[in-house]
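Novice: Okay, here's the structure, questions in a sec.
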2 protein chains.
Amino acid sequence: MPDAKTRVLILGGGFGGVYTAMHLERLLGRRGLQHCEIALVNRDNYLVFQPMLPEVISGAINTLHVICPIRRLAPRTHVYTREIEQVDLQNKTVRLAPGSRPKPLALNFDHLVLALGNVLDDSKVPGMREHALPFKYLGDGLLLRNHLVHVLEEADTETDPIERRRLLTFVVAGGGFSGVECAAELNDFVRGAVKVYRRLRPDELRVVLLQSGERILPEIDEGLARFAHRILQRRGVEIRLQTRLQAVTAEAALVADKSGGGPESIATRTTVTTVPTRPHPLIAGLPCEQERGRVRVDGSLRVLGWSGLWAVGDCAAVPQPDGITSPPTAQHAVRQARLCAANIAASLADRPPQTFAFTGLGKLGSLGRRSAVAEVMGLKISGLPAWVLWRAIYLSKFPGFDRKLRILADWIWDMLLPRDVTQIRLRDGQAVRQEHFEPGQVVFDQGDFGDKLYVVVRGEAEVTDNGAVLRTLGAGDVFGEIALIADTPRTACVRALTALDLVAVPRRAFGQLVTHLPGVRESMESIMRRHLGSETAEREVVSPRVWTEVNQVHEGR
Amino acid sequence: MPDAKTRVLILGGGFGGVYTAMHLERLLGRRGLQHCEIALVNRDNYLVFQPMLPEVISGAINTLHVICPIRRLAPRTHVYTREIEQVDLQNKTVRLAPGSRPKPLALNFDHLVLALGNVLDDSKVPGMREHALPFKYLGDGLLLRNHLVHVLEEADTETDPIERRRLLTFVVAGGGFSGVECAAELNDFVRGAVKVYRRLRPDELRVVLLQSGERILPEIDEGLARFAHRILQRRGVEIRLQTRLQAVTAEAALVADKSGGGPESIATRTTVTTVPTRPHPLIAGLPCEQERGRVRVDGSLRVLGWSGLWAVGDCAAVPQPDGITSPPTAQHAVRQARLCAANIAASLADRPPQTFAFTGLGKLGSLGRRSAVAEVMGLKISGLPAWVLWRAIYLSKFPGFDRKLRILADWIWDMLLPRDVTQIRLRDGQAVRQEHFEPGQVVFDQGDFGDKLYVVVRGEAEVTDNGAVLRTLGAGDVFGEIALIADTPRTACVRALTALDLVAVPRRAFGQLVTHLPGVRESMESIMRRHLGSETAEREVVSPRVWTEVNQVHEGR
């Protein structure tokens, strides 16, 4: 009778979720697991060891070595690598997105552990979703590294000095631990990589760190933060305090100084964001008490008002004995997970739960190349000793002996051998996506190569021909379609008059859509006829043959 | 006067292209390079060491270690990581695709070396482009590895025995060196990885190798091929000789036996192809003599009829002293590159060119786990000695000392530590793409989860409701849109009547298109009104609010 088993379902595969499963397996033992089934749902089949993620950027650690297969860590837990569609607390059911077959999958539970973490909020700053590179997940680290190589490649062959400068400027937003570590590793990487490019010089590189507060690393002692500030500056990072990211475009980061003064535009093709975060969307929709987007739990990690519902990690607001709410760090998540497992086991055995008693051991932040800052049990350490401590502590915390060995080997190789500058292309750039422009920015210019069609979502733009305004564009207007078909350079210039959001349809996707989606061809043809004047339109556009050819030519790889 | 320099332009970054640049740098020396400029164009900034690519599948070698940055190998060559748009032999110009700025880039040349290799031809077998996994480039290796982990994950949570069997079946098409090596590594990987999955057993795995000829490895001695055949069979690979891949769908590989008999359908979600190849599309368009898609050159690698034009590697038909045309292997490409560099240097110094005199040293094929076959200078070796030879030869051929060390370390770790089963998601599955179905195949069934809309490109399908035929669909028809909007399961079943090609538009892409692309909403609404009957349509569909909401809901990550 497998249905008589008690089901513990864990949502999320970060430190909170995976460590809950690990401890639960250990506490219940082989005997306990005959009566209890543990399942865990996560988008990926691995745990990311977050503290080492920044080292993926510089390549000091191999990408695959900062992650750990969840099945290895919790071998007796059922792992579902799916997206979660819906959490139904009333009926004690979680619905997962379909996998290879389009059949819905519903999991029932007796105990549910929420360990979903938080997500980056890209909705507050215009253009962030479209043009900024987030830095939170493993995929982000990979994409960022490839992007860095890509802009160096481009800069190496670029002849225009303004574009060259733009390609060689890097902006990181967020001066907390993750922003500082990201900026430090990014800086190390580009300054090392630039040496293999024949036409680039290290002094052309510019790395800017934006921090809205009065100092970097507000989480740590002021003296240590000052130390970190000096180290980063000496290594070439330009630190802008009291400065906030206002908007991002494909060509610039717009920043505003708190001391007043209008927004400044930093020309760059690389804006990395580590802030702000917001609660996981599934958490926001749950009918339970929340505190700034985190689920409120009592000292034993039970969600108020629901039996059998627990929350740990960054998505939980856990009260500490010192009166404050647990900060969102790995060390807290891991201890909460251990307690959560113990309390679930206690509840299964009808024993009373324990209370969360941890208040933090210390703080560690890496500054790249043999330097770090640490505040451990009252001691403040900086420089090389802190860096050695950083590596020793995190290596010892890394789950699994084989991983420890691999990371150690990576670190040794990294000291001995040159770093890589290979770029693996992960996106083909042929998807329909949104783009953001700030007032005055040029969408495209006369003579440009044309490989996209645009539709205005929000805002206004003007079309000019050698300075003479031809017309203005507003929401719903389509432009840029002629160059797609005739394979000629852009015949006019389009410039944003206000903040402007566009949907860009690249050539190949356009060919597919126009051929296959009903209604598109007809309305595109009427738009073109209007833009081109009747004769040309008749000749170039209306023939269905042209559409088919466009499609065939661009369907090949 | 930089424009007085002689320009040597190399197209392609495989063995042929990169080794030409390397040898040319060495031959010309610092002095020669003051009068001569070498440039190389390749899509990626690295050379892939093809012979080791199969080991990326099993994870024996780390992905990044089978590649080598071109700039490190040829430090004095200008590298352009761009796609090539056009080769103009008459005007001695090559046009590159635009990079970060939409400006065209044209390169002039005095000497042009064609080293573009060949590409996989996915146009001959229906469904190959849409559903087969190619195995030729580095990205293919990565995708394949991730796909293998993905299907194991799916199988582990799948309750339907038919689907489970389908997920655990793997088909590799092509019994030459690359197909055999790919099948061997794939087989090793899945049989090792299956151990960490709680609900999977090794005997459920099925790996099938398809070979159209009478034996595998036609390139090598028959005795060795028989040895390879036995080893693969003993390790669980099912070898189907005289069998050809006929069509691929998302759910099956259709194969036909040469001995007659109708096509057989092997239920699988993994069909890997290593055959057939076709000439690079840029080569096909060039106005020069060709021999089965390869550019015809004379013994000194000059393209007939053009001065200053050279060709090496898989895209060149090079006559050998033994009367045959050079086979497309790395050892030949490397020697051709050396000769090509020497002959260009000779031509710059007005010396006569040399003639290609190499006829091949031998053949090596890895069979995975400590076995291989080798035919070297008349000797036939198999098993462990051949495997040691294989590793020793290729390691010694790998360019760069640091790479050799890294690969050696990978091999040692691989013997000592467990292999990884992590899956990095590289595609988000939200792009508009084409799908292929064979007659009788179900596109979707009643009760399925609906997250895509379909448009018929070619072929016919029927819509049924509990067995009763409602209507038939043909080219241009749209279906499946209702489940997208109402978030209800599919209300009817759609089945292919003939071979059927569809364009599938996933939910998020659909939301964007319908909101932003002119004409789409109107025609979708009229289609729905027809499908649903007037009342429902009015209520559910026509309100623009609904579209906007669909879009907003699915725009979030």
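The values are calculated or read from the model by the stated rules, or taken from the named source; none is laboratory data. If you're wondering where the values come from, they're calculated on a predicted model, not measured in any experiment. Here the Cβ is made from the backbone with ideal geometry for all residues, glycine too, and neighbour counts use every protein chain on show.
Novice: Please list, ordered by residue number, the strands (runs of 3 or more DSSP E) wholly in the stretch B:430-505 having 3 or more residues that are facing chain A (nearest Cβ under 9 Å).
Specialist: Working: elements: B:433-437, B:442-444, B:452-458, B:461-465, B:468-473, B:493-496.
Those strands (runs of 3 or more DSSP E) span B:452-458.
Novice: Any residue at all in the stretch A:119-140 that's more than 30 Å from A:ARG215 (Cβ to Cβ) and among the small types (Gly, Ala, Ser)?
Specialist: yes
Novice: A further question follows. Between residues in the stretch B:397-413 that are facing chain A (nearest Cβ under 9 Å) and in contact (Cβ under 8 Å) with a residue 24 or more places away in the chain and residues that are part of a helix (DSSP H, G or I) and not aliphatic (A, V, I, L, M), which pairs lie under 6 Å by C-beta distance while being six or more apart or on different chains?
Specialist: B:ARG406/B:HIS65
Novice: Something else about it: Looking at the stretch A:324-361, which of its residues are among the small types (Gly, Ala, Ser) and either in a loop (DSSP other than H, G, I, E, B) or modelled with pLDDT under 90 (or both)?
Specialist: Our first condition is that a residue be among the small types (Gly, Ala, Ser); within the stretch A:324-361, this holds for A:326, A:330, A:333, A:337, A:341-342, A:345-347, A:349, A:357, A:360.
Matches in the stretch A:324-361: A:SER326, A:ALA349, A:ALA357, A:GLY360.
Novice: Oh, and also: Return the only residue of A:ARG201, A:ARG145 being within 14 Å of chain B (Cβ to nearest Cβ) and either under 18 Å from A:VAL421 (Cα atoms) or out of contact with any Leu (no Cβ under 9 Å at 6 or more places or on another chain) (or both). Explain how you work it out, then say what you get.
Specialist: Values: A:ARG201 fails: within 14 Å of chain B (Cβ to nearest Cβ).
Just a single option satisfies the conditions, and that option is A:ARG145.
Novice: Enumerate the pairs (first residue in the stretch A:21-33 and at pLDDT 95 or above; second residue anywhere and assigned to a loop (DSSP other than H, G, I, E, B) and hydroxyl-bearing (Ser, Thr, Tyr)) with beta-carbon separation below 6 Å, excluding pairs fewer than 6 apart on the same chain, so at least 6 apart or on different chains.
Specialist: Every condition considered, the pairs that remain are A:ALA21/A:THR77.
Novice: Under 9 Å between Cβ atoms, which residue pairs at least 6 apart in sequence (or on different chains) link something in the stretch A:266-280 that is within 11 Å of another protein chain (Cβ to nearest Cβ) and among the aliphatic types (A, V, I, L, M) with a partner that is surrounded by fewer than 23 Cβ atoms within 10 Å (Cβ to Cβ) and in a loop (DSSP other than H, G, I, E, B)?
Specialist: If the second residue must be surrounded by fewer than 23 Cβ atoms within 10 Å (Cβ to Cβ) and in a loop (DSSP other than H, G, I, E, B), no pairs are left.
Novice: Which count do you get for residues in the stretch A:150-179 that are in contact with a Gly (Cβ under 8 Å, 6 or more places away or on another chain), of a type in the set (Val, Ile, Thr) and modelled with pLDDT of 95 or more?
Specialist: 1
Novice: Scan (1) under 21 Å from B:ASP121 (Cα atoms); (2) surrounded by 14 or more Cβ atoms within 10 Å (Cβ to Cβ) for the single condition B:GLY285 breaks and write down its number.
Specialist: (2)
Novice: Taking interchain pairs and intrachain pairs at least six residues apart, which have beta carbon atoms under 8 angstrom, with the first residue in the stretch A:462-474 and in the same structural domain as A:LEU502 (by TED's automatic domain parsing) and the second small (Gly, Ala, Ser) and assigned to a strand (DSSP E or B)?
Specialist: Note: pairs meeting the criteria are A:THR472/A:ALA461; A:LEU473/A:ALA461.
Novice: Does A:ALA228 fit the bill of being under 25 Å from the mean Cα position of the chain (by Cα), closer than 14 Å to A:VAL125 by Cα and either assigned to a helix (DSSP H, G or I) or modelled with pLDDT under 95 (or both)?
Specialist: Numbers: under 25 Å from the mean Cα position of the chain (by Cα): yes; closer than 14 Å to A:VAL125 by Cα: no; either assigned to a helix (DSSP H, G or I) or modelled with pLDDT under 95 (or both): yes.
So A:ALA228 fails the test.
Residue-by-condition table, conditions (1) within 16 Å of the chain's Cα centre (by Cα); (2) within 12 Å of another protein chain (Cβ to nearest Cβ):
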site: A:HIS131; (1), (2): yes, no
site: A:TYR137; (1), (2): yes, yes
site: A:GLU154; (1), (2): no, yes
site: A:THR169; (1), (2): no, no
site: A:ALA173; (1), (2): yes, no
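Novice: Name the residues in the stretch B:258-273 that are more than 20 Å from B:ALA183 (Cα to Cα) and among the charged types (D, E, K, R), would you? Walk me through it before giving the result.
Specialist: Restricting attention to the stretch B:258-273, the residues satisfying the condition of being more than 20 Å from B:ALA183 (Cα to Cα) are B:258-264.
If the condition is that a residue be more than 20 Å from B:ALA183 (Cα to Cα) and among the charged types (D, E, K, R), then B:LYS258, B:GLU264 are the ones that fit.
Novice: What's the number of the only condition in (1) closer than 24 Å to A:THR491 by Cα; (2) in contact (Cβ under 8 Å) with a residue 60 or more places away in the chain; (3) out of contact with any strand residue (DSSP E or B) (no Cβ under 8 Å at 6 or more places or on another chain) that B:LYS103 fails to meet?
Specialist: The single condition B:LYS103 does not satisfy is (2).
Novice: Another question, if that's okay. Condition first: assigned by TED's automatic domain parsing to the domain that holds A:ILE381, surrounded by fewer than 17 Cβ atoms within 10 Å (Cβ to Cβ), touching a residue at least 40 places away in the same chain (Cβ under 8 Å) and within 27 Å of A:LEU138 (Cα to Cα). Can you find one or more residues in the stretch A:228-236 that meet it?
Specialist: Of the stretch A:228-236, the ones assigned by TED's automatic domain parsing to the domain that holds A:ILE381 are A:228-236.
Now restrict to residues that are surrounded by fewer than 17 Cβ atoms within 10 Å (Cβ to Cβ): A:230, A:233-234, A:236.
Okay, now just the ones that are also touching a residue at least 40 places away in the same chain (Cβ under 8 Å), so A:236.
Those still in the list that are within 27 Å of A:LEU138 (Cα to Cα) too: A:236.
There is at least one residue in the stretch A:228-236 that is assigned by TED's automatic domain parsing to the domain that holds A:ILE381, surrounded by fewer than 17 Cβ atoms within 10 Å (Cβ to Cβ), touching a residue at least 40 places away in the same chain (Cβ under 8 Å) and within 27 Å of A:LEU138 (Cα to Cα).
Novice: Could you count how many residues in the stretch B:103-133 are farther than 30 Å from B:ALA337 by Cβ, at pLDDT below 90 and touching a Pro at 6+ places or on another chain (Cβ under 9 Å)?
Specialist: Number of matching residues: 1.
Novice: Might you check whether a residue that is in a loop (DSSP other than H, G, I, E, B), of a type in the set (Gly, Ala, Ser) and under 18 Å from A:VAL171 (Cβ atoms) occurs anywhere in the stretch A:237-247?
Specialist: Applying the first criterion (in a loop (DSSP other than H, G, I, E, B)) to the stretch A:237-247 yields A:241-242.
Within this subset, residues satisfying the condition of being of a type in the set (Gly, Ala, Ser) are none.
No - not one qualifying residue is present in the stretch A:237-247.
To keep it simple, each residue is scored yes or no on (1) on the phi < 0 side of the Ramachandran plot; (2) buried (at least 20 other Cβ atoms within 10 Å of the Cβ); (3) touching a residue at least 40 places away in the same chain (Cβ under 8 Å).
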{"site": "B:ARG351", "(1), (2), (3)": "yes, no, no"}
{"site": "B:ALA357", "(1), (2), (3)": "yes, no, no"}
{"site": "B:GLY360", "(1), (2), (3)": "no, no, no"}
{"site": "B:LYS363", "(1), (2), (3)": "yes, no, yes"}
{"site": "B:LEU367", "(1), (2), (3)": "yes, yes, yes"}
{"site": "B:GLY378", "(1), (2), (3)": "no, no, no"}
{"site": "B:SER382", "(1), (2), (3)": "yes, yes, yes"}
{"site": "B:TRP387", "(1), (2), (3)": "yes, yes, no"}
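Novice: Hey, another quick one. Going through A:ARG419, A:ARG369, A:ARG406, A:ARG425 one at a time, which residue ends up being closer than 30 Å to A:GLY480 by Cα, modelled with pLDDT under 90 and under 29 Å from the mean Cα position of the chain (by Cα)? Please lay out each step first, then the result.
Specialist: Details: A:ARG419 fails: closer than 30 Å to A:GLY480 by Cα; A:ARG369 fails: closer than 30 Å to A:GLY480 by Cα; A:ARG406 fails: closer than 30 Å to A:GLY480 by Cα.
Sole residue among the options that is closer than 30 Å to A:GLY480 by Cα, modelled with pLDDT under 90 and under 29 Å from the mean Cα position of the chain (by Cα): A:ARG425.
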